[in-house]
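Read-outs throughout are calculated quantities, based only on the coordinates presented, and are distinct from any laboratory measurement. Given the structure is predicted, the values throughout are model-derived calculations rather than measurements. With ideal geometry, Cβ positions are generated from the backbone for all residues, glycine too; neighbour counts draw on all protein chains shown.
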Amino acid sequence: MNKTFICLITGPAGSGKSSTSKALAEKFERSAVIEVDTLRHMIKGGYVRPYPYNEEVDLQLSLCTKNACDMANNFLEKGFSVFIEGTAGRKMLEQYSSFFKDKNFKAFLLLPSVDSLLKRFDDRGVNEELRQRTVDLHKQFSEKKDELNCQIINSSNQTLEETVQEIYKAIL
């Protein structure tokens, strides 16, 4: 496959975005992974968590999405395919889709069952606030999934490699 592309991997915390993106990137000769959380954490003075939602959260998430898009374009110009991983709601998905409307862009929502997410969370150690945020995000994604312009993958009973293969086939 010589044609470059941008692939967004989104979903709630614990859904496997990072692991999936990194494993996918390794399947291509020239690829990069952009971690949106890393971009968000570059903000030091005035940083806000992405919840509860307010105008400052909106500004920071929008800025990080734009930065991810700009970085992806830089990689594309040099012949790299790009995997962007991060939690993206409807507004951010629209921002990505609009920015990449003339590019080879695909978005995937990893949406394992809430029980699978909580088991993964519990295996990592207890962070009760983030655990509850994961449940809330799962509910939001589940309610809005038909409105989102992305392929939905229920990775509840899949290994990492099975999830990677499903997305890999859809990219090709």
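Which number in (1) free of Cβ contacts under 8 Å to residues at least 24 places away in the same chain; (2) within 16 Å of Ser21 (Cβ to Cβ) marks the one condition that Glu77 misses?
For Glu77, the exception is condition (2).
Residues that are over 18 Å from Leu137 (Cα atoms) and under 16 Å from the mean Cα position of the chain (by Cα): does the stretch 7-19 have at least one?
Yes, because at least one residue in the stretch 7-19 is over 18 Å from Leu137 (Cα atoms) and under 16 Å from the mean Cα position of the chain (by Cα).
Rundown of residues vs (1) part of a helix (DSSP H, G or I); (2) closer than 16 Å to Ile152 by Cα, yes/no style:
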{"site": "Asn74", "(1), (2)": "yes, no"}
{"site": "Gly79", "(1), (2)": "no, no"}
{"site": "Phe83", "(1), (2)": "no, no"}
{"site": "Thr87", "(1), (2)": "no, yes"}
{"site": "Tyr96", "(1), (2)": "yes, no"}
{"site": "Lys103", "(1), (2)": "no, no"}
{"site": "Phe108", "(1), (2)": "no, yes"}
{"site": "Pro112", "(1), (2)": "no, yes"}
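Being farther than 24 Å from Asn157 by Cβ, of a type in the set (A, V, I, L, M, F, W, C) and surrounded by 19 or more Cβ atoms within 10 Å (Cβ to Cβ) is the requirement here; does Val48 meet it?
no
Has the stretch 44-51 got any residue that is part of a loop (DSSP other than H, G, I, E, B), touching a strand residue (DSSP E or B) at 6+ places or on another chain (Cβ under 9 Å) and within 25 Å of Lys139 (Cβ to Cβ)?
No, there is no match, as no residue in the stretch 44-51 is part of a loop (DSSP other than H, G, I, E, B), touching a strand residue (DSSP E or B) at 6+ places or on another chain (Cβ under 9 Å) and within 25 Å of Lys139 (Cβ to Cβ).
Just the residues that are surrounded by 15 or more Cβ atoms within 10 Å (Cβ to Cβ) and in contact with a Ser or Thr (Cβ under 7 Å, 6 or more places away or on another chain), please, taken from the stretch 52-81.
Hits for the stretch 52-81 are Leu76, Phe80, Ser81.
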